[in-house]
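Asker: Below: one structure in structure tokens.
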Amino acid sequence: MRIVVKVGTSLIAPGGHIDTLRMRALVDQLDLSRHEHLIVSSGAIASGMTSLGLKEKPSSVPVMQACAAVGQSTLMHTYEQLFFGKKLVAQMLLSSDDFTSPIRYKNLQNTLHELLKMGVVPVVNENDSVSVRELVGAFGDNDELSALLARAVKADWLLLLTDVDGFLMTNGQKPRLLRTVRKVTPRMETLCNGHGALGRGGMQSKLRAAKMASEAGVHVAIVNGRDPQAIGAALARKIGTYFPAVRRES
């Protein structure tokens, strides 16, 4: 089974500091002997902010790019340590052009195919250090990037790990967790608001990503990555919000 796991900034670098213990707990949940995994990882800008001694997320694009450049190396070093003795990891920094240009898209698919065939775990992020469009939210904090990636590699599952239990529906009453969503409606999108202090996404971008991936034949789950068994439980459809695959692209 081929699984894309997207991990948000709120899990990787809460408050701007990489949470190595939580990242290790997530990596330890991966069944590396049975499944192929691709990780879409946020957290570079937040990590870079800490290394550069910045207390608040900068508003200047060049400063954010500098944070991304510094933080990405720290982030990849952490992944290399976490996978040491288990799997090799490979860094891939992508932009929207990699999915819109037919030649670049084919090259991307070829590279990913070879990495997975070799048993390598690709760790993917936006190319924030040089691409302004991605830095200002072209991918919605990597949510839509993860959906595009899942579609590109014809993944079986896309797991969107966040810091809430899934999609919560409100009707003027206590929020209710929706366990299965077969169609994302405009009303559901209007119920989404806000995002983390350091992230750029939010539930709305996760709904868009879920819709995009499920319509391409990928099963999707939005789950709380703080759950110690989040990945296995999500694949078993025991927690989170599940979006069934609609069809498989040829």
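Asker: Could you check how many percent of all C-alpha pairs in the range 36-137 are farther apart than 23 Å?
Answerer: Percentage above 23 Å: 32.
Asker: Shifting gears a bit: Under a straight-distance cross-link criterion of Cα-Cα below 19 Å, which aspartates and glutamates are reachable from K55, leaving out those fewer than 8 residues away in the same chain?
Answerer: K55 reaches D19.
Asker: Sequence neighbours fewer than 8 away in the same chain don't count; with that in mind, list the aspartates and glutamates whose C-alpha is under 12 Å from K206.
Answerer: D141, D143, E144, E189
Asker: Around H37, what is the net charge, scoring Lys/Arg as +1 and Asp/Glu as -1 over all other residues with Cβ under 13 Å from its Cβ?
Answerer: +1
Asker: Say the dipole of the chain comes from +1 at the beta carbon of Lys and Arg and -1 at that of Asp and Glu; which of P228, S10, G71 then lies farthest toward its positive end?
Answerer: Projecting each Cα onto the dipole axis, the largest value belongs to P228.
Asker: Rg/Rh for the range 1-96 to two decimals, with Rh computed the Kirkwood way over all alpha-carbon pairs.
Answerer: Across the range 1-96, the Cα-based Rg/Rh ratio is 0.99.
Asker: Let me ask you something else. In nm, to one decimal, how far is the T100 label point from the T74 one, both placed 7 Å along Cα→Cβ?
Answerer: 3.2 nm
Asker: Now for a separate question. So if a site counts as exposed when it's one of the GluC sites (Glu not before Pro), its DSSP state isn't H, G, I, E or B, and it has at most 10 other Cβ atoms within 10 Å, what's the longest stretch of the chain without one?
Answerer: 57-248
Asker: With charges set only on the Cβ (+1 for Lys and Arg, -1 for Asp and Glu), what does the dipole of the chain come to about its Cα centre, in debye to the nearest 20?
Answerer: Here the chain has a charge dipole of around 840 debye.
Asker: Let me ask you something else. What is the gain in length, in nm to one decimal, between T190 and L116 on full extension, counting 0.36 nm per residue of separation less the C-alpha to C-alpha distance?
Answerer: On the way: separation 74, 0.36 × 74 = 26.64 nm, distance 3.79 nm.
Result: 22.8 nm gained on full extension.
Asker: Just tell me which lysines come within less than 19 Å, Cα to Cα, of K117; anything on the same chain fewer than 8 places away is out.
Answerer: Partners found: K86, K87, K106, K154.
Asker: Under a Cβ-Cβ cut-off of 13 Å, what is the net charge of the residues other than T170 that fall near it, where Lys and Arg count +1 and Asp and Glu count -1?
Answerer: +3
Asker: Follow-up question, since we're still on this one. Report, for the chain, the % of DSSP beta bridges that are antiparallel, rounded to 5.
Answerer: 15 percent
Asker: With charges only on Cβ, +1 for K and R and -1 for D and E, what is the dipole size of the range 1-123 about its Cα centre, in debye, rounded to 20?
Answerer: Magnitude of the dipole: close to 140 debye.
Asker: Using only alpha carbon positions, build the gyration tensor of the chain, then give the equivalent ellipsoid semi-axes as the square roots of 5 times its eigenvalues, largest first, whole angstrom.
Answerer: For the chain, the ellipsoid semi-axes come out as 25, 22, 19 Å.
Asker: Related question: Tell me what the chain gives for mean residue ellipticity at 222 nm when only DSSP H runs of n ≥ 4 count, each as -39,500 (n - 2.57), the sum divided by the residue total, rounded to 500 deg cm²/dmol.
Answerer: Taken over the chain, the calculation gives -11500 deg cm²/dmol.
Asker: Now for a separate question. Where in the chain are the DSSP H helices whose alpha-carbon span along the long axis reaches 20 Å or more and whose Kyte-Doolittle mean is at least -1.0?
Answerer: Going by DSSP H runs, the hits are 61-82, 102-117.
Asker: Accessible surface of M1 in the full protein assembly, 1.4 angstrom probe, to the nearest 10 Å²?
Answerer: Solvent-accessible area, nearest 10 Å²: 90 Å².
Asker: Here is a further query. In nm, to one decimal, how far is the modelled label at E56 from the one at D165, with both set 7 Å along Cα→Cβ?
Answerer: 3.5 nm
Asker: Roughly to the nearest percent, how much of the accessible area of the chain is carbon and sulfur, given a 1.4 Å probe?
Answerer: 52 percent
Asker: Sort largest first and round to whole Å: the equivalent ellipsoid semi-axes of the range 15-70, each the square root of five times a Cα gyration tensor eigenvalue.
Answerer: After diagonalising the Cα gyration tensor, the semi-axes are 29, 13, 7 Å.
The values are calculated or read from the model by the stated rules, or taken from the named source; none is laboratory data. Only a predicted model underlies this, so the values are computations on that prediction, with no experimental measurement involved. For neighbour counting, all protein chains shown are included, and Cβ atoms are generated from backbone atoms with ideal geometry for every residue, glycine included. In case anyone asks, the SASA skips ligands and DNA or RNA and just uses the protein heavy atoms, side chains included. Shrake-Rupley method; radii C 1.70, N 1.55, O 1.52, S 1.80 Å.
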